[in-house]
Amino acid sequence: MNDNIFINTHPIVQDRLTKLRNKATRPKTFRACLNEIALFLAIDATAYLPTYTKIIETPLQETKGQLLVETNPLIVPILRAGLALSDSLHSVIPNADVGHIGLYRDHDTHMPVEYLNKLPSDLNRPIFVVDPMLATGNSMIKTLDILMEAGAKESDITVITLLCAPEGIKQMRKKYNHIRIFTAAVDDLLNNDAYIAPGLGDAGDRYFGTE
Ligand code: URA
């Protein structure tokens with residue numbers, strides 16, 4: 001099941017994650033910790049961006065270096081909580097565009113319904129879909145479906161998420177088997193209220209202070 005899942009076990013990431021999990025952590029610290037983890041995950045997830053060799057001159061001598069190919073990637077936060085990851089990612093790939101997908105959960109079916117779709121027309125580029133919690137997997141699958149229908153290629157897509165439930169990964173893998181997932185942890189389970197356990201509660205509410 002864990003093919004193509006990259007868990008960042010760095011002590012700083014795990015320290016900040018433990019602070020996020022702690023229910024006593026207030027929004028100011030919660031935001032700082034999540035932003036720091038997001039930066040580590042952003043660095044991991046961008047490791048696959050293509051580079052080219054360029055000869056430059058240091059003050060001492062000529063040398064060869066690597067520069068990023070100007071691919072103009074796309075960041076796709078799933079609103080609202082996805083915004084918590086997108087700024088840190090944008091800081092390492094500042095030339096990225098941002099396409100927003102807004103989803104809400106239908107009261108009766110519990111399935112995600114699209115309320116906002118602001119994607120650029122060109123999806124032929126690296127795409128980073130960001131959402132802190134891969135819980136049921138339904139929102140992620142819906143977003144991936146929207147991207148694929150709009151012309152994106154599965155091989156261009158990378159998912160960045162703070163926490164995953166095994167159930168969400170399994171669900172996503174039924175349809176999207178090869179997409180790389182970068183995360184800080186795979187938790188024990190999804191509870192009956194569709195919360196990740198042990199988890200950290202509602203990521204959006206705790207990040208934005210709307211508990
Ligand atoms: N969304 C959250 O914010 N938390 C969960 O545990 C699951 C989904």
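Values in this text are rule-based calculations from the coordinates and carry no lab data. Keep in mind it's a predicted model, so treat the numbers as computed, not measured. Don't worry about glycine lacking a Cβ; one is built from the backbone with ideal geometry, like all the others, and counts go over all protein chains shown.
Just one of PRO112, PRO166 is closer than 18 Å to ALA203 by Cα, within 14 Å of the ligand (Cβ to nearest atom), out of contact with any His (no Cβ under 6 Å at 6 or more places or on another chain) and free of Cβ contacts under 8 Å to residues at least 40 places away in the same chain; which is it?
Working: PRO166 fails: free of Cβ contacts under 8 Å to residues at least 40 places away in the same chain.
Answer to the selection: PRO112.
How about the stretch 169-194: which of its residues are under 25 Å from HIS10 (Cα atoms) and either near the ligand (Cβ under 9 Å from one of its atoms) or in a loop (DSSP other than H, G, I, E, B) (or both)?
HIS178, ILE179, ALA184, ASP187, ASP188, LEU190
Condition first: in contact (Cβ under 8 Å) with a residue 60 or more places away in the chain, among the aliphatic types (A, V, I, L, M) and under 17 Å from LEU200 (Cβ atoms). Can you find one or more residues in the stretch 84-95 that meet it? So that I can check it myself, show each step before the final result.
We begin by selecting, within the stretch 84-95, every residue in contact (Cβ under 8 Å) with a residue 60 or more places away in the chain; these are 84-85, 89.
Of the ones still in play, those that are also among the aliphatic types (A, V, I, L, M) are 84-85, 89.
Restricting the remaining residues to those that are under 17 Å from LEU200 (Cβ atoms) gives 84-85.
Yes - at least one qualifying residue is present in the stretch 84-95.
Among the strands (runs of 3 or more DSSP E) lying completely within the stretch 38-112, list those that include at least 2 residues that are closer than 20 Å to GLY137 by Cβ. Full working, then the answer.
Working: elements: 51-57, 62-68, 74-79, 100-105.
Result: 74-79, 100-105.
Scan GLY151, GLY199 and give me the residue that is more than 9 Å from the ligand (Cβ to nearest atom), among the small types (Gly, Ala, Ser) and part of a loop (DSSP other than H, G, I, E, B). Explain how you work it out, then say what you get.
Numbers: GLY199 fails: more than 9 Å from the ligand (Cβ to nearest atom).
Among GLY151, GLY199, only GLY151 is more than 9 Å from the ligand (Cβ to nearest atom), among the small types (Gly, Ala, Ser) and part of a loop (DSSP other than H, G, I, E, B).
Please verify whether ARG16 is closer than 19 Å to PRO198 by Cα and surrounded by fewer than 16 Cβ atoms within 10 Å (Cβ to Cβ), treating the condition exactly as stated. Break it down stepwise before answering.
Details: closer than 19 Å to PRO198 by Cα: yes; surrounded by fewer than 16 Cβ atoms within 10 Å (Cβ to Cβ): no.
No, not satisfied.
Given the options ILE93, ILE127, name the one that is over 12 Å from the mean Cα position of the chain (by Cα), surrounded by 14 or more Cβ atoms within 10 Å (Cβ to Cβ) and of a type in the set (Val, Ile, Thr). Reasoning before the result, please.
On the way: ILE127 fails: over 12 Å from the mean Cα position of the chain (by Cα).
Answer to the check: ILE93.
Here are some residues: ILE93, ILE56, ILE78. Which one is within 15 Å of the ligand (Cβ to nearest atom) and not small (Gly, Ala, Ser)? I'd like the intermediate steps shown before the answer.
Numbers: ILE93 fails: within 15 Å of the ligand (Cβ to nearest atom); ILE56 fails: within 15 Å of the ligand (Cβ to nearest atom).
On inspection, the qualifying residue turns out to be ILE78.
Only one residue in ALA47, ALA81 is of a type in the set (Gly, Ala, Ser) and over 16 Å from MET133 (Cα atoms). Which one? Step through it out loud before you land on a result.
Details: ALA81 fails: over 16 Å from MET133 (Cα atoms).
Just a single option satisfies the conditions, and that option is ALA47.
Of the residues that make up the stretch 51-73, is at least one out of contact with any Leu (no Cβ under 8 Å at 6 or more places or on another chain), within 24 Å of MET172 (Cβ to Cβ) and not polar (S, T, N, Q)?
For the stretch 51-73, residues out of contact with any Leu (no Cβ under 8 Å at 6 or more places or on another chain), within 24 Å of MET172 (Cβ to Cβ) and not polar (S, T, N, Q): absent.
Of the residues that sit in the stretch 130-156 and are under 14 Å from LEU74 (Cα atoms) and of a type in the set (Val, Ile, Thr), which one is surrounded by the most Cβ atoms within 10 Å (Cβ to Cβ)?
Per the stated criteria, the residue is VAL130.
Picking from GLY204, GLY209, which residue would you name as being within 15 Å of the chain's Cα centre (by Cα), touching a residue at least 60 places away in the same chain (Cβ under 8 Å), surrounded by fewer than 20 Cβ atoms within 10 Å (Cβ to Cβ) and within 16 Å of the ligand (Cβ to nearest atom)? Steps first, please.
Numbers: GLY209 fails: within 15 Å of the chain's Cα centre (by Cα).
So the residue among GLY204, GLY209 that is within 15 Å of the chain's Cα centre (by Cα), touching a residue at least 60 places away in the same chain (Cβ under 8 Å), surrounded by fewer than 20 Cβ atoms within 10 Å (Cβ to Cβ) and within 16 Å of the ligand (Cβ to nearest atom) is GLY204.
What are the pairs with Cβ atoms under 8 angstrom where one residue, in the stretch 181-201, is under 15 Å from HIS110 (Cα atoms) and the other, located anywhere, is within 8 Å of the ligand (Cβ to nearest atom) and not in a loop (DSSP other than H, G, I, E, B)? Sequence gap at least six, or different chains.
Correct list of pairs: LEU190/ILE196; LEU190/ALA197; ASN191/ALA197.
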